[in-house]
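Enquirer: To start, I am sharing the structure in question, which I have written as structure tokens.
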Amino acid sequence: MQKIKKYLLLLAGIMLVAVISGCGGNYAVVDESKPVPITKPSGLPTNPKILIAYFSHSGNTELAAWQVQAAVGGELLAIKTAEPYPKDGQACGVIAKQELAENKRPLLAANLSDISRYETIFLGYPIWYKQAPLAVRTFLEAHDFSGKVILPFCTSGSDGIEQSLAAIRESAAQADMTTGLALHDIGNGKMQRLITSWLEGVRGEVDAFNKKRASDK
């Protein structure tokens, strides 16, 4: 009986790992098939100089974007491809891997008409094969980020954000960029605490970038 219990626990663990993998093999968004149920905050503050642009496949990065908006205000922009990725994690992973191999820039369903009025850009995305989905690079390369600060954040099963940042910098070379945030556990309370802590930590970086730009004028 004891052996059967151990076997069942091991099987449950294997199934949990499989669920968390999702699109992009082992480098996927958190729990692709069952996003954490977090309700969008109401009565959000507004800040017309802040943009929160995000790409979300399963909904987890969108939830993180809502929490960023709840903390800092700003306007939300969902980055969406003209041809949506399959909802099935395995099928999505095949396409994502091929796009990465070809360094492809998928077409977007719509684009921002004018980014000039924003000063601070929060950029959210899931980690697919240790990189941001290439739709994020399509978005970045369509705009001039001169004089702007990008604050990157991601959702991921286990990987950090660091390996994805070189490509982000390449696609938005005109912008300054702060330390990024990787969200592995996006349970309601923990995600909010992680985002709050990150915002407090990068505040000094943003201030330093703004002071440097002011002195260069």
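Any read-out appearing in this document is the output of simple, stated calculations on the displayed coordinates, not a laboratory observation. Remember, predicted model here, so these are calculated numbers, not experimental data. Methodologically, a virtual Cβ is constructed for each residue, glycine included, from the backbone with ideal geometry; neighbour enumeration extends over all protein chains shown.
Enquirer: Quick check: net charge around Lys49, other residues with Cβ under 12 Å of its Cβ, Lys/Arg +1 and Asp/Glu -1? It would help to have the intermediate numbers written out before the result.
Expert: Numbers: positive: Arg117, Lys148; negative: Glu75, Glu119.
After counting each charged neighbour, the total is 0.
Enquirer: I've got another one for you. What are the residues whose amide H is under 5 Å from the amide H of Trp128, where those residues sit 5 or more places off or on another chain and H is modelled from the backbone?
Expert: Those lying under 5 Å, H to H, from Trp128: there are none.
Enquirer: Tabulate in residue order the Karplus-calculated ³J(HN,Hα) for region 82-99, using 6.51 cos²θ - 1.76 cosθ + 1.60 with θ = phi - 60°, rounded to whole Hz; enter x for Gly and Pro.
Expert: Working through the residues one at a time gives 4, 10, x, 6, x, 6, 5, x, 5, 5, 4, x, 4, 5, 4, 5, 5, 4 Hz.
Enquirer: If I model a spin label as a point 7 Å beyond the Cα along the Cα-Cβ vector, how far apart are those points for Arg193 and Ala91 in nm?
Expert: 3.9
Enquirer: Another one. Local charge sum around Leu108 (other residues, Cβ-Cβ under 12 Å, Lys/Arg +1, Asp/Glu -1)? Present the calculation step by step, with values, prior to reporting the outcome.
Expert: On the way: positive: Lys80, Arg105, Arg137; negative: Glu83, Glu141.
Counting the neighbours of Leu108, the net charge comes to +1.
Enquirer: State, in angstrom, two size descriptors of region 67-217 derived from its alpha carbons: Rg to one decimal place and Dmax to the nearest whole number.
Expert: 15.8, 50
Enquirer: Using a basic spin-label model with each label point 7 Å from the Cα along Cα→Cβ, how many nm lie between Arg169 and Glu205?
Expert: Those two pseudo-labels are separated by 1.1 nm.
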